[in-house]
Amino acid sequence: MKINLPASNLTTLPDITKPWSEVSDLNLYQNHFEQLPEELFKMDNLEILNISANRLKEISPRIKELSALKMIDFGHNQIRFIPPEIGQLVQLEDYLYLHNNCMDTVPVELGNLDKLKYLNLSDNQLIDLPPEIGALAKLVELRVMNNRLGELPKSSGNLKNLRELHLKNNRLRVLPDIFGRLTMLRVLDVEENQLQELPESLGACKRLRRLNLRTNRLAVLPEAVGGLTNLLELDLRSNGLTELPKSLLNITSLERLDLRWNQQLNIPDWLGQLEERGCIVYL
């Protein structure tokens, strides 16, 4: 049974005519809950919980009692702490959204959720990710935008099924050499960081389609970037580029190359060959 009560100004759950144990899908989006309602823990068969855009400041450790949960959205609250008990929700197989909260850390037990496909930790105050995140072997999309990450754990190279990695607006100075192991990656967004160089191993990400490196501190690119033979978009705006590797000519699929606001860039003669092939080059 689904209970759909979005934007209803609720602080408590209304009575229902059927047992709480029959509820499998609960939507409480955009209400005024300050804590998880007590009735929630009677929903033994709950699979989908959306309690985003409320006023939650914490998640009760009793969340472990909802062992049938497959999808949770806790986004847009005021949560500061995720209890380690969340790692007992091993049936989570679709998404766990924790974005737009006030967290500066996530529990290592998050690594127990090895069926999870989508994890959103964006818009928090995270300074690092636990190494255990590398155990999320089925993860397809990881969003950690708008945090304070200074580095990525080396274990992130174990995310062999990862298709999209969104790291915009953090404090990353380097990307670990493990990127060569993320061979399923399609989208990599590291806009607005402090990158000074890229690992040569990035060239092994043969399925990469979109690479956003805007607003970093790159002076050069590795020749290996030419190995990204399926790349469609490469955004290099607002870096400190002085030259480009000629290996870019190897990316025959490239449709858009943005080089604007690189004041010291020496424009190579061969760049016109990309344009002749139909690539739009912005200078």
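The values are calculated or read from the model by the stated rules, or taken from the named source; none is laboratory data. Keep in mind that this is a model prediction, so the values were computed, not measured. As a convention, Cβ positions derive from the backbone with ideal geometry for all residues, glycine included, and neighbour counts pool all protein chains shown. Side chains are part of the model used for accessible areas, which takes the heavy atoms of the whole protein and leaves out ligands, DNA and RNA. Shrake-Rupley method; radii C 1.70, N 1.55, O 1.52, S 1.80 Å.
General remarks:
- Its Cα centre serving as origin, region 194-260 has a Cβ charge dipole (Lys and Arg +1, Asp and Glu -1) of approximately 220 debye.
- Computed over the alpha-carbon pairs of region 1-141, the distance histogram in 10 Å steps reads 12, 45, 34, 8, 0 percent, short to long.
- Met1 sits with roughly 80 Å² accessible to a 1.4 Å probe, with DNA, RNA and ligands left out of the calculation.
- Our note on the geometry: Cα centres of region 204-283 and region 101-150, 30 Å apart.
- Which of Asp235, Asp114 is most accessible, then next, and so on - probe 1.4 Å: Asp114, Asp235
- For region 80-237, the Kirkwood estimate of the hydrodynamic radius, built from every pair of different alpha carbons, is 15.7 Å.
- With the helix formula -39500 (n - 2.57) applied to DSSP H stretches of n ≥ 4, the chain reaches a computed 222 nm mean residue ellipticity of -500 deg cm²/dmol.
- With the convex hull constructed from alpha-carbon coordinates only, the chain shows a mean projected area of 14.9 nm² over all directions.
- Square roots of five times the Cα gyration tensor eigenvalues for region 95-143, Å: 17, 12, 8
- Computed over the alpha-carbon atoms, region 8-78 gives an Rg to Rh ratio of 0.92, Rh here being the Kirkwood radius from the mean inverse distance.
- Convex hull (Cα only) mean projected area of region 1-40, reported in nm² to one decimal: 2.7 nm²
- For region 230-273, fraction of C-alpha pairs farther apart than 14 Å, in %: 49 percent
- Annotation: per residue accessible area for the chain equals 46 Å², rounded to a whole number [probe 1.4 Å, protein chains only].
- Extension gain from Arg207 to Met184, taking 0.36 nm per residue of separation minus the Cα-Cα distance: 7.7 nm
- Placing unit charges on the Cβ atoms of the charged side chains and taking the dipole of the chain about its Cα centre, the candidate lying farthest along the positive direction among Cys205, Leu159, Ile86 is Cys205.
- DSSP-assigned coil residues among trypsin sites (Lys or Arg not before Pro) in region 223-273, each with at most 15 further Cβ atoms within 10 Å: Arg260
- Dimensions of region 168-265 from C-alpha coordinates, computed as largest minus smallest value along each principal axis and given longest first, are 30, 27, 18 Å.
- With all protein chains modelled, accessible area of Arg210 [1.4 Å, Å²]: 80 Å²
- Within the chain: Cβ-based charge dipole about Cα centre, in debye rounded to nearest 20 (Lys, Arg +1; Asp, Glu -1): 400 debye
- Lys/Arg +1, Asp/Glu -1 at C-beta; region 189-272 dipole; positive extreme among Leu257, Leu232, Ser247: Leu232
- Overall Cα dimensions of region 71-158, principal axis frame, Å, largest first: 27, 25, 21
- Largest to smallest accessible area among His166, His32 [probe 1.4 Å]: His32, His166
- Accessible area of the chain belonging to carbon and sulfur atoms, whole % at 1.4 Å probe: 43 percent
- Computed from point charges on the beta carbon alone (+1 for Lys and Arg, -1 for Asp and Glu), the dipole magnitude for region 28-169 about its Cα centre is near 360 Debye.
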